[in-house]
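S.K.: Shown below is the structure under consideration.
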Amino acid sequence: MSKFYVTTPIYYVNGAPHLGHAYTTILADAMARYHRLKGDDVFFLTGTDEHGLKIQRAAEKLGITPQQMVDENSAKFRELFDRLELTHDRFIRTTEDDHRRTVEEMIDRMAASGDIYLGEYAGWYSASDEAYYDESEIEDGRAIASGSEVEWVEEQSYFFKLSKYEDQLLEWYDEAPDHVAPDSRRNEVKAFVESGLRDLSITRTTFSWGIPMPDEPEHVLYVWVDALTNYITAIGAFDDPERFEKYWPADIHVIGKDILRFHAVYWPAFLMSAGLPLPRQVFAHGWWTVEGEKMSKSKGNFIDAFELADAYELDVLRYYMIREIPFGNDGNFSKERLVERNNAELADNIGNLVNRTLSMSMGFIDGEVPATTDELKESIDIELRDQAIETRDGVDAAMKDRQPHRALELITSLSSETNNYVQTVQPWALNKKGETQRLEETLYNSLEAIRFIAVLLSAFVPDAAGRILDGLGIDDELKTIDSLDEWGRLPAGTKVEKPDVLFAKLDPPTDDDESDEPDESPAEDAQEADEEGANLISFDEFLNVEMRVGKVVAAEAVEGADKLLKLSVDVGEDTPRTVVAGIAQTFAPDDIIDWRVTMVTNLEPAKLFGIESQAMLLAAKKSDDTFALARFDDDVEPGTAVS
Ligand code: MSP
């Protein structure tokens, strides 16, 4: 069994969780779920970064102790992640005891390697970034990279011999190109290291909120030495060697591009110094802007993560975030795009496929998966199977390449292809013609394709995927990636059931919506979506309406009713049907003789002015109250089905 260890950054607790925090954690969650689906032994870590000057100052501002502040705010992150139904195995806090012990041991090991010495630091520091900057990285009192304010710092400090690891770091970047990804980030980091590394100040004496340097209590450890170590604390680095051996090195540290240097330069150097293996990959994703602008409280376009979770179904949010930006790129959060993707890709594509296929299965084959005979013979069936298998492989490759957006793209295109398959094989027509064997084959293939789609979707939209798989009525062993090893594992005889609306359509945002915040009234939104769902009819219901081409063979006025015409319409039967239609003020009887029109032919007969009307004519009423008939300009045979 392979193992998979995935981490998110641990979040600063000086403020409320926002869109960016939700994004990183959702992406890591999708990876963790995908690997569990593959049967891997997964450890998924997230948590909060609670020490440092920035936190101490934020608490001072609020007039509370740092401990009070971190307890309160860390709880918010934990609550958010529960609300988002994330599947982390540990939520770590850097104020926990095992973490302090691990950090102390790291420092002891780094010291034992001769990498720590006492010196004097004089330079620029940004509390907001918790980062030291060179003169060349500063402009007008701010760090160029982040725009954060810097302050001049001069104090006694312990240093870590970062410069000693320059060559080893460069070797690590070259050893496997995906150690630091995407490529652009790797190049950025390489250039930074090639330009020469200076030793790193790793303690401060001017504030106290942190882990003290072992045996030097007036020195507090630099928050990044403390924070980065969380990745090994969580899996028992120095107190549970068996667990540590099993999960370390991390398979991927998912981070944002702003904290690349800490993860791709400092962290591997600390690990080298402590004699520990390096992570398999540091992957830096991009940043979200909101409706085109950088997200910030002062701009008023700050998206609070709880509001986001209230405004949208979790599946929809996850799908949008993962699908919208190629992992690694920056992207723009737009409600309009979210609604577009939901409506087109989730509701109209995947939702529609599941809905129509399960409705037909219930209507035509008693909701029971049919037994199919041996090999697929029809080329259209073979193509569908091949595409399902290719999609499974493509999704796996995309996940290995850290392209979860691509995985979703492949799954939605399998769904489109399956919709096309259904459209082409027309199970409803096979049903009507009584071609039972072919009907069963085509429904079996559609259901099996849906099983492939739902299994693959489970990591990304877990709730909807779970409901689809429940609808297919299959056992857990058929819900894994392994169970996609071959086509046709969906067992005959299984009872299927149509799930409730999987993805409700959403209304596009209107001008009244505040463009910088998620929808104000989530409850109303949900209600609207529900109503919309209730207005939809299933494909099956649509099929209940029988429509045929009718040729008008005779027409006359109805005495006493100046709006009605009595028609004789040939709908392909032995005798024409009598139809009473309210179109006399638009058409004279002679106007419409020989017209081929659309007739509903399975409506209960109705009596109008004593005449039994045996079918209904379809027409559109225009704004001037005249009618346009739904007619064919082709001389199509009377009685031909309209669908
Ligand atoms: N505490 C450090 C990380 C320590 S890891 C050992 C930290 N915390 S943070 O709360 O400021 O940021 C956490 C993550 O959120 C970072 O990966 C950052 O890139 C990400 N994001 C913050 N704003 C973001 C967006 N607007 N968009 C996407 N991600 C963003 O840094």
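S.K.: Could you tell me which residue of the stretch 17-45 is farthest from the ligand (Cβ to nearest atom), considering only residues that are part of a helix (DSSP H, G or I) and aromatic (F, W, Y)?
M.R.: Let us first name the residues in the stretch 17-45 that are part of a helix (DSSP H, G or I), namely 19-37.
If we keep only those that are aromatic (F, W, Y) as well, we get 23, 34.
Numbers: Y23: 5, Y34: 20 Å.
Ranking the qualifying residues of the stretch 17-45, first place goes to Y34.
S.K.: Another question, then. Could you tell me how many of the residues in the stretch 260-306 are assigned to a loop (DSSP other than H, G, I, E, B), under 23 Å from the mean Cα position of the chain (by Cα) and more than 8 Å from the ligand (Cβ to nearest atom)? Lay out the reasoning, then the answer.
M.R.: First, pick out the residues of the stretch 260-306 that are assigned to a loop (DSSP other than H, G, I, E, B): 275-281, 286-287, 291-292, 295-303.
Next cut, under 23 Å from the mean Cα position of the chain (by Cα) only: 281, 286-287, 291-292, 295, 301-303.
Checking the rest, the ones that are also more than 8 Å from the ligand (Cβ to nearest atom) come to 281, 291-292, 301-303.
Qualifying residue count for the region: 6.
S.K.: Residues being assigned to a helix (DSSP H, G or I) and in contact with a Pro (Cβ under 8 Å, 6 or more places away or on another chain): count how many of those fall in the stretch 321-357. Quick ask: steps written out before the conclusion?
M.R.: Filtering the stretch 321-357 down to residues assigned to a helix (DSSP H, G or I) leaves 321-324, 335-357.
Subset that is in contact with a Pro (Cβ under 8 Å, 6 or more places away or on another chain): 322, 335-336, 339-340, 354.
Looking only at that region, the number is 6.
S.K.: Would you please name the residue that is surrounded by the most Cβ atoms within 10 Å (Cβ to Cβ), looking only at residues in the stretch 200-259 that are assigned to a helix (DSSP H, G or I) and more than 16 Å from the ligand (Cβ to nearest atom)? Lay out the reasoning, then the answer.
M.R.: First pass over the stretch 200-259, keeping only residues assigned to a helix (DSSP H, G or I): 223-228, 230-233, 241-247, 257-259.
Next, only the ones that are more than 16 Å from the ligand (Cβ to nearest atom) stay: 241-247.
Working: P241: 10, E242: 7, R243: 14, F244: 17, E245: 10, K246: 14, Y247: 21.
Once the filter is applied, the top-ranked residue is Y247.
S.K.: Scan the stretch 538-578 residue by residue and report those that are under 30 Å from R356 (Cα atoms), of a type in the set (G, A, S) and either in a loop (DSSP other than H, G, I, E, B) or in the same structural domain as N355 (by TED's automatic domain parsing) (or both).
M.R.: S538, G572
S.K.: I've got another one for you. How many residues are in a helix (DSSP H, G or I) and either in contact (Cβ under 8 Å) with a residue 60 or more places away in the chain or not assigned by TED's automatic domain parsing to the domain that holds L200 (or both) if we restrict to the stretch 136-154? Show your work before the answer.
M.R.: In the first step, residues of the stretch 136-154 are kept if they are in a helix (DSSP H, G or I); the result is 136-137.
Right, trim to either in contact (Cβ under 8 Å) with a residue 60 or more places away in the chain or not assigned by TED's automatic domain parsing to the domain that holds L200 (or both) and you get none.
Counting residues in the stretch 136-154 that are in a helix (DSSP H, G or I) and either in contact (Cβ under 8 Å) with a residue 60 or more places away in the chain or not assigned by TED's automatic domain parsing to the domain that holds L200 (or both) gives 0.
S.K.: Consider R318 carefully, then state whether it is under 19 Å from E130 (Cα atoms), in contact with a helix residue (DSSP H, G or I) (Cβ under 8 Å, 6 or more places away or on another chain) and either away from the ligand (no atom under 16 Å from the Cβ) or in a helix (DSSP H, G or I) (or both). Talk me through it step by step, then tell me what you get.
M.R.: On the way: under 19 Å from E130 (Cα atoms): no; in contact with a helix residue (DSSP H, G or I) (Cβ under 8 Å, 6 or more places away or on another chain): yes; either away from the ligand (no atom under 16 Å from the Cβ) or in a helix (DSSP H, G or I) (or both): yes.
Considered against the rule, which asks whether it is under 19 Å from E130 (Cα atoms), in contact with a helix residue (DSSP H, G or I) (Cβ under 8 Å, 6 or more places away or on another chain) and either away from the ligand (no atom under 16 Å from the Cβ) or in a helix (DSSP H, G or I) (or both), R318 comes out as no.
S.K.: Taking T424 as meeting all but one of (1) touching a residue at least 24 places away in the same chain (Cβ under 8 Å); (2) surrounded by 14 or more Cβ atoms within 10 Å (Cβ to Cβ); (3) in a helix (DSSP H, G or I), write down the number of the exception.
M.R.: Among (1) touching a residue at least 24 places away in the same chain (Cβ under 8 Å); (2) surrounded by 14 or more Cβ atoms within 10 Å (Cβ to Cβ); (3) in a helix (DSSP H, G or I), T424 violates only (2).
S.K.: Take the stretch 119-144 and flag every residue that is exposed (fewer than 14 other Cβ atoms within 10 Å of the Cβ) and within 16 Å of the ligand (Cβ to nearest atom). Spell out the reasoning first.
M.R.: So the first thing to find is which residues in the stretch 119-144 are exposed (fewer than 14 other Cβ atoms within 10 Å of the Cβ), and the list is 119-120, 122, 134-136, 139-141, 144.
Passing the criteria: none in range.
S.K.: In addition: Scan the stretch 78-87 and give yes if some residue there is within 12 Å of the ligand (Cβ to nearest atom), touching a Gly at 6+ places or on another chain (Cβ under 9 Å) and either within 27 Å of A311 (Cα to Cα) or at pLDDT below 95 (or both), otherwise no.
M.R.: No, because not a single residue in the stretch 78-87 is within 12 Å of the ligand (Cβ to nearest atom), touching a Gly at 6+ places or on another chain (Cβ under 9 Å) and either within 27 Å of A311 (Cα to Cα) or at pLDDT below 95 (or both).
S.K.: Mind checking which pairs have a first residue in the stretch 9-28 that is among the hydrophobic types (A, V, I, L, M, F, W, C) and a second that is near the ligand (Cβ under 8 Å from one of its atoms) and assigned to a helix (DSSP H, G or I), Cβ under 7 Å, 6 or more apart or different chains?
M.R.: Close Cβ pairs (under 7 Å, with a partner that is near the ligand (Cβ under 8 Å from one of its atoms) and assigned to a helix (DSSP H, G or I)) amount to I10/A227; I10/N230.
S.K.: Here is a further query. From (1) surrounded by fewer than 21 Cβ atoms within 10 Å (Cβ to Cβ); (2) modelled with pLDDT of 95 or more; (3) over 18 Å from E390 (Cα atoms), pick out the condition that doesn't hold for D500.
M.R.: Every condition holds for D500 apart from (2).
S.K.: Look through L53, L37, L62 and report the one residue that is buried (at least 18 other Cβ atoms within 10 Å of the Cβ) and under 30 Å from N301 (Cβ atoms).
M.R.: Numbers: L37 fails: under 30 Å from N301 (Cβ atoms); L62 fails: buried (at least 18 other Cβ atoms within 10 Å of the Cβ).
From the options L53, L37, L62, the qualifying one is L53.
S.K.: Look through the stretch 307-328, keep the residues that are under 10 Å from the mean Cα position of the chain (by Cα) and of a type in the set (V, I, T), and return whichever of them is surrounded by the most Cβ atoms within 10 Å (Cβ to Cβ). So that I can check it myself, show each step before the final result.
M.R.: Going residue by residue through the stretch 307-328, those that are under 10 Å from the mean Cα position of the chain (by Cα) are 314-324.
Of the ones still in play, those that are also of a type in the set (V, I, T) are 316, 322.
Details: V316: 23, I322: 21.
Checking each candidate, the answer is V316.
S.K.: Just to be sure I understand the filter: pairs with C-beta atoms under 6 Å, separated by 6 or more residues or on different chains, first member in the stretch 427-442 and β-branched (V, I, T), second member outside any loop (DSSP other than H, G, I, E, B). Which pairs pass?
M.R.: T442/V425; T442/P427
S.K.: If T48 passes every condition in (1) of a type in the set (S, T, Y); (2) assigned to a helix (DSSP H, G or I); (3) within 12 Å of the ligand (Cβ to nearest atom) but one, which one does it miss?
M.R.: In the conditions (1) of a type in the set (S, T, Y); (2) assigned to a helix (DSSP H, G or I); (3) within 12 Å of the ligand (Cβ to nearest atom), T48 misses (2) alone.
The values are calculated or read from the model by the stated rules, or taken from the named source; none is laboratory data. Predicted model only: the values in this text are computed from it and were never measured. Cβ atoms come from the backbone with ideal geometry, glycine included; neighbour counts cover every protein chain shown.
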